[in-house]
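The structure under discussion appears below in the form of structure tokens.
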Ligand code: PLP
């Protein structure tokens, strides 16, 4: 990606060179099977357990409370399906929100087909779920509440600790999909009272295809993948040693730089917003102004909402990578974003957002290039046609 300005860190982050270096010996030299008893096997086991301690430190979890998976999606599936299987389908009511990632929403569809009941909490116009709406949705059979820690489209940060408290007062478990939040927000499973949490290495400068489910000690779960009994029997399959070494290193780097890096990303994000306010007056920020992931901007262009994909492609031609809505919906690029619909946008406006997400390797020079290119790109679009009120 030489010469390219990559501003799509919410879709995936580049692997940190320090992470790649840590993984290299496990890729080049190969790795023993962590279940083998000989020296290479024991070495691989120690590497996996070291990674487990590094990830646990980032979450303030106990290393024994982590289950390594093949992705954030798998961790979400394991949480929701794994908990639901402890109950008869008709005795399982799950509360989630309308702005979850498809990894949660499609799993809910599956659970509904199996006879479970699911309630989708609404969000405020700023993209945030209110604890009061959760309180109102609880039923006697509510066993699990799953609300994401931060949204992948708007970056809106959810009140996880309050939601967990409401769930617990009712006797339900609380799961959070923290794939977008881990490494960007300080998370503490003890202080925030989280029972289950999903994360993914490729959103924190680690490799793709590596995920984790945190499972508070004592929480019972049925596995989805059966086999040799790895990961305490909760996720069979030979461990991805190189990938886990990378995840562990990524977690350690995130922990060491969180506060400083956040301040840098907030500063760069604010610079973009301030500049856009004068260079593109009809641009508006979607989602909460302050309760937002650092460096995460979801922007609409009033009257030009139908042109978001064209805008993305114009910027792409200019060597700048951003996304519309979310990478996962790129396959459905003509469809409105379900997150923006849940926030009350009409279908036309829900199709038209640009997501700019800054990350560790972005510099002020990248911001300069965006701020020069974006007004020209917007100018090149079809003229503004309608002026609907900002929500
Ligand atoms: N949850 C959220 C909020 C995400 O943003 C993503 C990825 O974009 C996922 C889950 C899925 O994670 P993975 O790509 O590791 O399957």
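The values are calculated or read from the model by the stated rules, or taken from the named source; none is laboratory data. Everything quoted here is computed from the prediction, not taken from an experiment. Heads up, the Cβs are rebuilt from the backbone with ideal geometry, glycines too, and the neighbour counts pull from every protein chain shown.
Below, the figures for the structure above:
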read-out: So residue 135, is it surrounded by 17 or more Cβ atoms within 10 Å (Cβ to Cβ) and either without any contact (Cβ under 8 Å) to a residue 40 or more places away in the chain or within 16 Å of the ligand (Cβ to nearest atom) (or both); value: no
read-out: Residue in segment 316-324 that is within 16 Å of the ligand (Cβ to nearest atom), closer than 20 Å to residue 122 by Cβ and modelled with pLDDT of 85 or more present; value: no
read-out: Number of positions in segment 154-171 that are crowded, with 24+ Cβ neighbours inside 10 Å and either modelled with pLDDT under 95 or away from the ligand (no atom under 16 Å from the Cβ) (or both); value: 2
read-out: Filtered residue count, segment 210-224, keeping only those that are surrounded by 15 or more Cβ atoms within 10 Å (Cβ to Cβ) and either within 15 Å of the ligand (Cβ to nearest atom) or at positive phi (or both); value: 6
read-out: Qualifying helices (runs of 4 or more DSSP H) (wholly inside segment 43-138; at least 3 residues being closer than 23 Å to residue 213 by Cα); value: 72-84, 102-113
read-out: Set 293, 276, 285: member being in contact with a strand residue (DSSP E or B) (Cβ under 7 Å, 6 or more places away or on another chain), at pLDDT 95 or above, surrounded by 16 or more Cβ atoms within 10 Å (Cβ to Cβ) and more than 18 Å from residue 10 (Cα to Cα); value: 276
read-out: Test result for residue 253, away from the ligand (no atom under 16 Å from the Cβ) and modelled with pLDDT of 95 or more; value: yes
read-out: Any chance residue 205 is more than 16 Å from the ligand (Cβ to nearest atom) and not in a helix (DSSP H, G or I); value: no
read-out: The lone exception for residue 249 - which of (1) out of contact with any helix residue (DSSP H, G or I) (no Cβ under 6 Å at 6 or more places or on another chain); (2) farther than 20 Å from residue 6 by Cα; (3) surrounded by 23 or more Cβ atoms within 10 Å (Cβ to Cβ) it fails; value: (1)
read-out: Qualifying residues in segment 4-22 (those that are part of a helix (DSSP H, G or I) and away from the ligand (no atom under 16 Å from the Cβ)) - the one nearest to residue 364 (Cα to Cα); value: 17
read-out: Residues that are surrounded by fewer than 23 Cβ atoms within 10 Å (Cβ to Cβ) and within 15 Å of the ligand (Cβ to nearest atom), drawn from segment 185-202; value: 185
read-out: Segment 34-48: number of residues that are under 14 Å from residue 231 (Cβ atoms) and surrounded by 15 or more Cβ atoms within 10 Å (Cβ to Cβ); value: 3
read-out: Number of the exception - residue 61 against (1) in contact with a strand residue (DSSP E or B) (Cβ under 6 Å, 6 or more places away or on another chain); (2) more than 16 Å from the ligand (Cβ to nearest atom); (3) farther than 30 Å from residue 238 by Cβ; value: (3)
read-out: Test set (1) surrounded by fewer than 17 Cβ atoms within 10 Å (Cβ to Cβ); (2) in contact (Cβ under 8 Å) with a residue 12 or more places away in the chain - residue 267 fails condition number; value: (2)
read-out: Segment 217-271: number of residues that are assigned to a loop (DSSP other than H, G, I, E, B) and over 23 Å from residue 50 (Cα atoms); value: 9
read-out: Candidate set from segment 139-152 (those that are near the ligand (Cβ under 9 Å from one of its atoms) and in a loop (DSSP other than H, G, I, E, B)); member that is surrounded by the fewest Cβ atoms within 10 Å (Cβ to Cβ); value: 149
read-out: Residue 25, sole failed condition from (1) closer than 30 Å to residue 364 by Cβ; (2) away from the ligand (no atom under 16 Å from the Cβ); value: (1)
